[in-house]
Every structure is written in C-alpha cells, then in structure tokens.
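**Student:** Starting off with a structure, shown below.
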Amino acid sequence: MHFVVSGEGQAVVLIHGLFGDLDNLKSLSAELEKTHQVIRVDVPNHGLSEHWQQMDYPLLAEAIIQLLDTLNLSSAHLVGHSMGGKIAMATALLYPQRIDSIVAADIAPVAYPPRHQAVFAGLTSLDLANTNRNQALNHLTQAGIDTGTAQFLLKSLRRAETGFSWKMNLDGLIRCYDKLIGWSITAKPYTKPCYMIRGGDSDYVTAEHKDAIMAQFPQVQAKTINGTGHWLHAQKPEIFNRLVADFIRAQT
C-alpha cells in the first residue's frame with residue numbers, strides 16, 4: 001500500500017473513502033502531526049497503491065495490519081471517512097489488540113444499498129482518449145453527478161501517453177462494489193474508544209443504525225456536524241479536524 005508519513009509520536013493512520021486518495025485527509029494530517037506520527041494511505045485500487053482483483057473488508061483490514069508491521073508499529077489509531085471508516089472499523093474488530101482507537105466519519109458498520117450507479121456510469125462512459133479536463137467535467141455533470149463530486153472524481157484523472165487514464169482501478173472497484181457497500185464482519189465487539197462523526201445533512205448514519213453500532217462498538221461516542229453532508233471533512237474542515245484531534249489526543 002502506498003503511504004506517506006509525517007510527524008512524530010504515537011501513530012495515527014488516515015484512510016480515505018471510495019474514489020479518493022491519501023490527499024483527502026491532508027488538512028487533518030497537518031493538525032495531527034503536531035503531536036503524532038501520521039500515516040496517510042492510498043487504499044488498494046486507489047491512488048498509487050496496487051490494483052486488486054478481489055477487495056473486501058477482511059483483506060483491507062489485513063493490509064492495514066501489514067502496513068503497521070512494515071513500519072514496526074505495535075499499534076495505532078485509525079481515522080477513516082466513508083469506506084475508509086469501514087476499513088477502520090473492520091480492522092478494529094478483527095485485530096483489536098493492534099488498534100488503540102478509531103474514528104469513523106459519516107459511515108456505520110452496516111450494509112448499504114447501491115448508491116453510486118450514476119458515478120460508475122459516468123466514469124465508464126467517459127472517452128479517455130478524446131477528452132480534456134473541462135470536457136470530462138461536463139461529461140460527468142451531464143451524467144447526473146453534482147459538480148462538487150465530479151471535481152473530486154477528476155482528481156484521479158491523470159494524463160497518459162494518449163489522452164487520460166484513471167489512477168484508480170475502476171474495473172476492480174466495480175467488480176468489488178457489492179463487498180464495499182456490504183458488511184459481513186462477525187467478531188467480538190471492539191471495546192476500546194470509538195468516535196463516530198456524522199454530517200447533519202447526510203443519510204449515511206441514521207437512528208436506525210444505532211443498534212448495529214452499539215452492538216459492535218459499545219464504547220462509541222457520537223457527534224453531528226450540522227450544515228454538512230457526507231463530505232463533512234471538506235465542508236467544515238476546521239471543526240472536523242479539531243474534533244478528531246481532540247479525541248485522538250485524549251486517548252494518548
């Protein structure tokens with residue numbers, strides 16, 4: 001897994017969401033690295049990390065543990081947004097002795113219905129050989145993707161010898177999508193500190209998820225950032241970064 005390390009102190013691993021890369025939580029890293037060693041990762045099939053044909057949460061959790069082993073870290077805090085939050089939760093449940101605490105941003109440990117069909121349709125129908133960035137943006141918005149999400153997706157577009165290519169493994173993500181929106185982890189509850197931060201305008205974490213959350217993470221603390229949606233860390237970064245930093249520092 002491709003990663004970047006900064007700062008010194010107890011380790012914190014930052015894990016981005018679907019279609020993202022290690023730059024997504026860069027502003028949080030800048031806050032945390034004042035007191036901690038921060039490791040930002042490109043999740044497999046994203047950024048500069050390897051492309052996997054099979055991708056599920058047990059495999060991703062194992063990859064996080066292998067990263068800790070590579071860095072000679074006995075344990076770490078995990079912070080993840082969306083899919084990254086699920087990776088953090090899966091790792092904590094499967095390897096509790098290696099994880100000091102977790103923060104899951106706007107995601108619950110449950111299975112979700114498909115909600116990225118328009119995104120996949122827009123990405124796969126883009127003519128990478130005959131486009132430029134403005135045309136690509138127009139194509140995605142015409143495919144029904146809002147401008148903010150389209151601009152975020154285009155961060156994974158890179159120039160190729162002819163035209164463009166995706167840094168992410170789009171075919172692999174499509175193939176494994178049902179595993180990424182699903183949730184099949186069965187393990188003893190994670191009883192160390194857990195913090196769930198949700199966007200007040202998002203429907204990713206709702207009251208109906210409370211029982212599933214409490215059953216798996218009985219020590220959970222919860223916070224809502226009003227006036228934000230699923231991209232809460234980008235919409236109100238100062239508040240989000242402060243909440244995460246305060247929580248992490250309280251555990252050390």
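**Student:** How many residues are of a type in the set (Gly, Ala, Ser), out of contact with any helix residue (DSSP H, G or I) (no Cβ under 9 Å at 6 or more places or on another chain) and part of a helix (DSSP H, G or I) when one looks only at segment 61-89? Outline the logic, then answer.
**Tutor:** Of all residues in segment 61-89, those of a type in the set (Gly, Ala, Ser) come to 61, 63, 74-76, 80, 82, 84-85, 88.
Still in the list and also out of contact with any helix residue (DSSP H, G or I) (no Cβ under 9 Å at 6 or more places or on another chain): 82, 84-85.
Adding the requirement that they be part of a helix (DSSP H, G or I) leaves 84-85.
Result for segment 61-89: 2.
**Student:** Please find, within segment 106-126, the residue that is surrounded by the fewest Cβ atoms within 10 Å (Cβ to Cβ) out of those that are over 15 Å from THR206 (Cβ atoms) and of a type in the set (Gly, Ala, Ser).
**Tutor:** Restricting attention to segment 106-126, the residues satisfying the condition of being over 15 Å from THR206 (Cβ atoms) are 114, 116-126.
Now restrict to residues that are of a type in the set (Gly, Ala, Ser): 118, 121-122, 125.
Values: ALA118: 14, ALA121: 14, GLY122: 21, SER125: 10.
Going through the qualifying residues, I end up with SER125.
**Student:** Taking segment 147-173 on its own, how many of its residues are within 20 Å of the chain's Cα centre (by Cα) and within 14 Å of VAL119 (Cβ to Cβ)? Walk me through it before giving the result.
**Tutor:** Within segment 147-173, the subset within 20 Å of the chain's Cα centre (by Cα) is 148-157, 166-173.
In the following step, the residues that additionally are within 14 Å of VAL119 (Cβ to Cβ) were identified as 148-157, 166, 168, 170, 173.
Number of matching residues: 14.
**Student:** Could you identify the single residue in LEU232, LEU243, LEU157 that is buried (at least 16 other Cβ atoms within 10 Å of the Cβ), not assigned by TED's automatic domain parsing to the domain that holds PRO96 and not charged (D, E, K, R)? If you could, list the steps in order and put the result at the bottom.
**Tutor:** Details: LEU232 fails: not assigned by TED's automatic domain parsing to the domain that holds PRO96; LEU243 fails: not assigned by TED's automatic domain parsing to the domain that holds PRO96.
Only one candidate qualifies: LEU157.
**Student:** Just to check your reading of the model, which residue among HIS81, HIS16, HIS36 is touching a residue at least 60 places away in the same chain (Cβ under 8 Å), of a type outside the set (A, V, I, L, M, F, W, C) and more than 20 Å from PHE152 (Cβ to Cβ)? So that I can check it myself, show each step before the final result.
**Tutor:** Numbers: HIS81 fails: more than 20 Å from PHE152 (Cβ to Cβ); HIS16 fails: more than 20 Å from PHE152 (Cβ to Cβ).
Of the residues listed, the single one that is touching a residue at least 60 places away in the same chain (Cβ under 8 Å), of a type outside the set (A, V, I, L, M, F, W, C) and more than 20 Å from PHE152 (Cβ to Cβ) is HIS36.
**Student:** Cβ contacts < 6 Å: first residue charged (D, E, K, R), restricted to segment 168-197; second residue surrounded by 16 or more Cβ atoms within 10 Å (Cβ to Cβ) and not in a loop (DSSP other than H, G, I, E, B), any location; separation 6+ or different chain. Result?
**Tutor:** LYS192/SER101
**Student:** Any residue that is more than 21 Å from LEU32 (Cα to Cα), more than 13 Å from the chain's Cα centre (by Cα), surrounded by fewer than 24 Cβ atoms within 10 Å (Cβ to Cβ) and of a type in the set (A, V, I, L, M, F, W, C) - is there at least one of those in segment 78-100?
**Tutor:** yes
**Student:** Of all residues in segment 63-94, which are at positive phi and among the small types (Gly, Ala, Ser)? Please lay out each step first, then the result.
**Tutor:** Of the residues in segment 63-94, the ones at positive phi are 72, 82.
Across segment 63-94, the qualifying residue is only SER82.
**Student:** Quick check: is even one residue across segment 25-41 in contact with a helix residue (DSSP H, G or I) (Cβ under 7 Å, 6 or more places away or on another chain), at positive phi and either outside the structural domain of ALA104 (by TED's automatic domain parsing) or assigned to a loop (DSSP other than H, G, I, E, B) (or both)?
**Tutor:** The answer is no, given that none of the residues of segment 25-41 is in contact with a helix residue (DSSP H, G or I) (Cβ under 7 Å, 6 or more places away or on another chain), at positive phi and either outside the structural domain of ALA104 (by TED's automatic domain parsing) or assigned to a loop (DSSP other than H, G, I, E, B) (or both).
**Student:** Scan the strands (runs of 3 or more DSSP E) fully inside segment 150-230 and keep the ones with 1 or more residues being at pLDDT 95 or above. Even if it seems obvious, please write down each step before you answer.
**Tutor:** On the way: elements: 157-159, 164-166, 194-199, 220-225.
Counting at least 1 such residues, we get 194-199, 220-225.
**Student:** Could you please find all residues in segment 154-189 being among the hydrophobic types (A, V, I, L, M, F, W, C) and touching a strand residue (DSSP E or B) at 6+ places or on another chain (Cβ under 9 Å)? Quick ask: steps written out before the conclusion?
**Tutor:** In the first step, residues of segment 154-189 are kept if they are among the hydrophobic types (A, V, I, L, M, F, W, C); the result is 154, 157, 160, 164, 166, 168, 170, 173-174, 176, 180-181, 183, 185, 187.
LEU157, PHE164, TRP166, listed by residue number.
**Student:** Let me ask something else. Within segment 65-76, does at least one residue satisfy the condition of being within 15 Å of the chain's Cα centre (by Cα), in contact (Cβ under 8 Å) with a residue 12 or more places away in the chain and buried (at least 22 other Cβ atoms within 10 Å of the Cβ)? Full working, then the answer.
**Tutor:** We begin by selecting, within segment 65-76, every residue within 15 Å of the chain's Cα centre (by Cα); these are none.
Checked segment 65-76: no residue is within 15 Å of the chain's Cα centre (by Cα), in contact (Cβ under 8 Å) with a residue 12 or more places away in the chain and buried (at least 22 other Cβ atoms within 10 Å of the Cβ).
The values are calculated or read from the model by the stated rules, or taken from the named source; none is laboratory data. Source: prediction; values computed, not measured. Neighbour counts are summed over all protein chains in view; Cβ atoms, including those assigned to glycine, are modelled from backbone coordinates with ideal geometry.
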